[in-house]
Amino acid sequence: MNRIVLIGNGFDLAHGMKTSYNHFINDYWYNTIEAIKNIAAGRTFENDEILIKSCPPRVFIADNSFESLKKAIKEQNFPEIHFKNNFLKIITRKSYLNNWVDIENEYYFYLKEALGSNKNAYDVEQLNIDFKRIKELLCEYLIKVENDFRKNYGENAPRIKNVIGNKIYYPYKYKDLSEKFINKEFDVFKEYILKMREYRYDDVPRKYLNILSTIDNNNSFDEIRNALFSENSKDFTSLIPTQTLFLNFNYTSTDHLYYDPKNHNIDSANDLTDSKYMHIHGTTVFDDKNPIIFGYGDEIDEDYKTIEKLNDNRYLENIKSINYLETDNYKKLLDFVNSDDYQIFIFGHSCGVSDRTLLNTIFEHDNCASIKVFYHQKNENEDNYSDVIRNISRNFNDKAKMRDRVVNKMYCEPLS
């Protein structure tokens, strides 16, 4: 069995990287306001996104936040901001937006609105231009953040790396698997139990021999199955994945900290998994020839069918499933999921619908044995396990599969 470690923005945040949407937008306004403060009285401030005519003297903006800028406009006879990038205006003023998936959802909302007859709707060509600029700003910001991270890998980093690394490479537990795969695995066990009863130990792979030697294989098959796969089964019922694929939805390379499984708490150095890496949404490194994919990816949505029927390619410019074809990453992912059974570990990904096409593919695939969430523990009494599960459910058409495959909270744990 293999494993897919599905990595989202929460993975970077767990390492102390300021890569959330709020980090990005706050940094943008901090630097922009610093530039505004340096403009002489009466002069115009302009960049690619905004325009302010006739800046006043002695501008006081308390903390370089957009909220403080709005207050200065109101109280200090400050000229109004003219937004040249209307999408920046939209996402800045919607203070409830918290995650990158929210920004992608906003893009898709205005893309769909452009389909209608509303004269005030966002022109699709201008929407794409404005959205492209946000993507460029994001890329610039992430390059800076990742460079700072490399230079200032903090004192808590070894602890975090040890905690997360042990979870990434932890042997899989049979009690985490769906009933279908427990039954499938036990069919293999039965074959080796019969060989052990005939004292043909050389014909039993070591990993199965180690497990079966700890139980009474003279018991009935039902008794052995209950012992191996019950909720109270001991830790000996565990195996190392053959391959571990880091499926990274971020543009950063934090996953490379975990390149070598030998650096983590593995039961046996002889049973190391084979680690593989894939940045499915690209990276900020030009030489990778893996351009950033930022947009929307839900072909299941009913409105998407309407968009396709338009025969207007402008509406498909930022659709993820189309942009996946710029590289061979998606094809390699399909090869991986088709090659063997696999378990999915979710590390910091919200599983929102802006990635539904891809997530549906790997969640409902016949080889998917289970989906285990490593949730964010916000405080002693609050975590986001239920939020992630609700999002996961939206990526399933077959809800029976979802209930069988998603590991219940009793067997899940926080990411860090």
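Pairs from the list K37/K135; K180/K372; K144/K276; K378/K401; K135/K305; K112/K309 with a Cα-Cα gap above 18 Å: K37/K135; K144/K276; K378/K401; K135/K305.
Shown are Y174, Y30, whose ranking by accessible area with a 1.4 Å probe and every protein chain present, most to least, is Y30, Y174. Taking the longest Cα principal axis of the chain as reference, the axis of helix 329-339 is set at about 20 degrees. For the range 218-227, backbone phi angles converted through the Karplus equation (6.51, -1.76, 1.60; θ = phi - 60°) give residue-by-residue couplings of 7, 5, 5, 4, 4, 5, 5, 4, 4, 5 Hz, Gly and Pro being listed as x. Taken per residue, the accessible surface of the chain reaches 50 Å², heavy atoms only and a 1.4 Å probe.
The range 267-402 has equivalent-ellipsoid semi-axes of 27, 21, 17 Å, by the square roots of 5 times the alpha carbon gyration tensor eigenvalues, sorted largest first.
Per residue, the chain reaches -13000 deg cm²/dmol at 222 nm when only DSSP H runs of four or more residues are counted, each adding -39500 (n - 2.57). Charge dipole (Cα centre; +1 on Lys/Arg Cβ, -1 on Asp/Glu Cβ; no other charges) of the range 291-403 amounts to roughly 140 debye. Matching the structure-derived Rg and Dmax of the Cα atoms in Å against the labelled list (i) 25.5, 94; (ii) 21.3, 64; (iii) 19.5, 61 gives the label (i). For K151, the aspartates and glutamates whose Cα comes closer than 20 Å to its Cα, not counting residues fewer than 8 places off in the same chain, are D12, D27, E140, D255.
Taking A227, A369, A62 as the candidate residues, the one with maximal mean-square fluctuation in a Gaussian network model of the chain, Cα springs under 10 Å, is A62.
To the nearest 20 Debye, how big is the dipole of the range 140-256 about its Cα centre, given +1 on the beta carbon of each Lys and Arg and -1 on that of each Asp and Glu?
260
3J(HN,Hα) along the range 245-261: 9, 7, 9, 9, 8, 7, 9, 8, 10, 4, 4, 5, 5, 10, 4, 10, x Hz, from the Karplus curve 6.51 cos²θ - 1.76 cosθ + 1.60 with θ = phi - 60°, whole Hz, x for Gly and Pro. With respect to the chain, whose longest principal axis is taken over its alpha-carbon atoms, helix 179-197 is tilted by about 30°. Against the main long axis of the alpha-carbon atoms of the chain, helix 157-168 sits at an angle near 50°. For the chain, DSSP calls about 25 percent of its internal beta bridges antiparallel. The range 60-93 and the range 39-54 have Cα centres separated by 12 Å. Springs join every pair of Cα atoms under 10 Å in this Gaussian network model of the chain, and among K372, K132, K119 the largest mean-square fluctuation is at K119. Of interest is the spacing of the C-alpha centroids, which for the range 252-321 and the range 364-416 amounts to 20 Å.
Considering all C-alpha pairs of the range 42-91, those separated by over 15 Å amount to 48%. Computed over the Cα atoms of the range 323-416, pair by distinct pair, the Kirkwood hydrodynamic radius stands at 14.1 angstrom. Close amide H pairs (under 5 Å, H built 1.01 Å from N) link F246 with V5, K276, Y277, M278, residues at least 5 positions away or on another chain. Rolling a 1.4 angstrom probe over the chain with all protein chains present gives an accessible area of which 45% lies on carbon and sulfur atoms. Size of the range 1-104: Rg and Dmax of its alpha carbons, in Å, are 17.3, 68.
The values are calculated or read from the model by the stated rules, or taken from the named source; none is laboratory data. Being a predicted model, the structure only gives us computed values, none of them experimental. Cβ sites come from the backbone with ideal geometry, for glycine too, and all protein chains shown count toward neighbours. Calculation scope for accessible area: heavy atoms of the full protein, side chains included, ligands and nucleic acids excluded. Shrake-Rupley method; radii C 1.70, N 1.55, O 1.52, S 1.80 Å.
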